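Undergrad: Here it is, the structure in full.
The values are calculated or read from the model by the stated rules, or taken from the named source; none is laboratory data. If you're wondering where the values come from, they're calculated on a predicted model, not measured in any experiment. Ideal geometry is used to build each Cβ from the backbone, glycine not excepted, and the neighbour counts take in all protein chains shown. Note: accessible area is taken over every heavy atom of the protein model, side chains too, but ligands, DNA and RNA are not part of it. Shrake-Rupley method; radii C 1.70, N 1.55, O 1.52, S 1.80 Å.
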Amino acid sequence: FKAENRKILNDEEVEKCLINLLEIDNDGVKIAASQAISAMCENLASKRAFGLQGIPQLVQLLSSDSEEVKEAAVTVLANLTAASPSNASAVAEAEGIEPLVNALNAQRDGAIANAATVLTNLAVQEPFRVNIQSHGIMSALAELLHSTNSQVQSKAAFAVAVFGCDADARTELRNAGGLGPLVELLHSKNEEVGRNACWAVMVCASDELTAVELCRLGALDILEEINLSTGRKNNFSEAALEKLLDNNLSQKYSQTGYLSPSNIITDGFYDCGRIKPGVKFLSLEELSMQELTDRRAIIFINAKPQEEACFTNILYRFIDFGLFLIKRKDFPYPPPKIMYIVFYVRKGKGKKEEEKMKEVTQIISEVQDEINLENSHWLPPPDFILLEYLNDATKTILPLTTTRTQVVALAQYVADKMGGPIERDKLHDFSWELHISEIEFELKCNIVPIGKVKKGTFYHRALLFKVIADRIGIGCSLVRGEYNRAWNEVKLVDDSPQGIAGLLLPPQEYIVDLMFEPGFLIKQGSAEADQYKHI
């Protein structure tokens, strides 16, 4: 149809006639009427008219036994709901969400792709998005990502990007096995598929669990390859790579050598040094299984406090575990020791509290050993020295009144814990390498808790400064240099010049000296700053 022809047909109120044809008991007529409505949707007046009158009839056609009718109806709905919140609302009010989700299992690729389009059009409105998600949309999309049809792949990836803004939706996609095929779509030679896949990865990388899984599946390597290609690189591929790294800071620091003030180091972070492009980044667990070597030690952060082993907490945790095992269909007979604890605690009489604790704790220990044998999973040991550092900083540095005094005090504290200030001309005599080797030999492992390091060089001190600063709210970056160098950058506002009270100056960037004059702030860009980075 030409635009003028649509205008003439709209003036003659052809919409009413086409809507009536949808109710004719003939599949061919329904399909033809649907195709005509799709063509008329380009006229805004017609689009509004169909939205007011024809949407309930079209929703009914989604349940047709004819795959052709179903495809024609869902194609119309895709056109009607495009950039039309009122028509999207009409579809939801006509109870169209469930049949649309069901249409994702249709036999025709056109019906599937358009059903995904309608659902994404509806998802612009929060209540409808939540409703759609409750129908298991992410599990359905996980299946669609396996499709060999590029149109279905593109619409499915786009839908993942739209619905993946919700944490529960990302969890559903992850549990449904949807991340693997999504990563595979990054390889697509179809520009639209590749772009939408990058967008979906960017959205899904919003939480750490999903980001780590995407990295494990190779998304990071693929995105790096894409961004090196002028033909395949796009805004979403660059944003997706950055988002993945922001939720996988160990890898980000290893590859880029930089963590910004917004990159908050948490427990589980580790610094394994700079890795070359193309070299696989190993997890902490994989690194823990390597034999002791003379290579650079892996410095890791884990200041989780030890759980208080309160008798009541231990008891009820195992009671819950025992009851959980009873309810499990695949484990109808839980271990007798756990059942003894459940029965013994419920009985609750006959012995003193101390005797109960001793006996039950012994049983719990035996049960835990049995569980650990079946499900052995390496966990990094807690670093109680680092925990003590954090507690000290919270008590003594956090209460200081200005950021400048906090930075200076923290720098002095870090230097004191890492071997004190070093004279520049005696830096080569500071035998930190031997000290680190002794720790590795003691632990029989290449992984060293940062709290164990008592003689630290630039990169040890800068990492510890960043860790503590992040915990007490001091904004600072961490930058890796050459030859074991690393430093922290902070932005501070200088005092107003004399005689100009109340003048607010822009913040200045400083490098924090942690080695030679701990607490001295070196202005970025100065000769002293260059000397600190490269000497």
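Undergrad: For the structure I just gave you, tell me whether Leu52 is under 20 Å from Glu15 (Cα atoms), free of Cβ contacts under 8 Å to residues at least 12 places away in the same chain and not polar (S, T, N, Q). Don't jump to the end; show me each part of the working.
TA: Working: under 20 Å from Glu15 (Cα atoms): yes; free of Cβ contacts under 8 Å to residues at least 12 places away in the same chain: no; not polar (S, T, N, Q): yes.
Judged against the criteria, Leu52 is not a match.
Undergrad: Let me ask something else about it. How many of the residues in segment 417-470 are without any contact (Cβ under 8 Å) to a residue 40 or more places away in the chain, assigned to a loop (DSSP other than H, G, I, E, B) and hydrophobic (A, V, I, L, M, F, W, C)?
TA: 1
Undergrad: Taking only segment 383-404 into account, find how many residues are outside any loop (DSSP other than H, G, I, E, B) and open to solvent by less than 60 Å² (accessible area, probe 1.4 Å). Break it down into steps so the answer makes sense when it comes.
TA: Kept after step one, since they are outside any loop (DSSP other than H, G, I, E, B), are these residues of segment 383-404: 384-396, 403-404.
Still in the list and also open to solvent by less than 60 Å² (accessible area, probe 1.4 Å): 385-387, 389-390, 392-393.
So the answer is 7.
Undergrad: Against the definition (within 15 Å of the chain's Cα centre (by Cα), open to solvent by 20 Å² or more (accessible area, probe 1.4 Å) and over 18 Å from Leu179 (Cα atoms)), how does Leu249 come out, yes or no? Break it down into steps so the answer makes sense when it comes.
TA: Details: within 15 Å of the chain's Cα centre (by Cα): yes; open to solvent by 20 Å² or more (accessible area, probe 1.4 Å): yes; over 18 Å from Leu179 (Cα atoms): yes.
In short, yes.
Undergrad: When segment 62-89 is examined, which residues are found to be open to solvent by 20 Å² or more (accessible area, probe 1.4 Å) and in a helix (DSSP H, G or I)?
TA: Glu67, Glu68, Lys70, Glu71, Thr75, Asn79, Pro85, Ser86, Ser89, listed by residue number.
Undergrad: Given the condition open to solvent by 30 Å² or more (accessible area, probe 1.4 Å) and of a type in the set (Lys, Arg), answer yes or no: does some residue in segment 212-223 qualify? Break it down into steps so the answer makes sense when it comes.
TA: If we filter segment 212-223 for residues that are open to solvent by 30 Å² or more (accessible area, probe 1.4 Å), which is where we start, we get 212-213, 216-217, 221.
Still in the running and of a type in the set (Lys, Arg): 216.
Taking every residue of segment 212-223 in turn, at least one turns out to be open to solvent by 30 Å² or more (accessible area, probe 1.4 Å) and of a type in the set (Lys, Arg).
Undergrad: Looking at Val407, Val414, which one is out of contact with any Lys or Arg (no Cβ under 7 Å at 6 or more places or on another chain), under 17 Å from Pro518 (Cα atoms) and of a type in the set (A, V, I, L, M)? Write out each step before concluding.
TA: Details: Val414 fails: out of contact with any Lys or Arg (no Cβ under 7 Å at 6 or more places or on another chain).
It is Val407.
Undergrad: Now a separate question. Any residue that is open to solvent by 100 Å² or more (accessible area, probe 1.4 Å) and modelled with pLDDT of 90 or more - is there at least one of those in segment 405-415?
TA: If we filter segment 405-415 for residues that are open to solvent by 100 Å² or more (accessible area, probe 1.4 Å), which is where we start, we get none.
No, there is no match, as no residue in segment 405-415 is open to solvent by 100 Å² or more (accessible area, probe 1.4 Å) and modelled with pLDDT of 90 or more.
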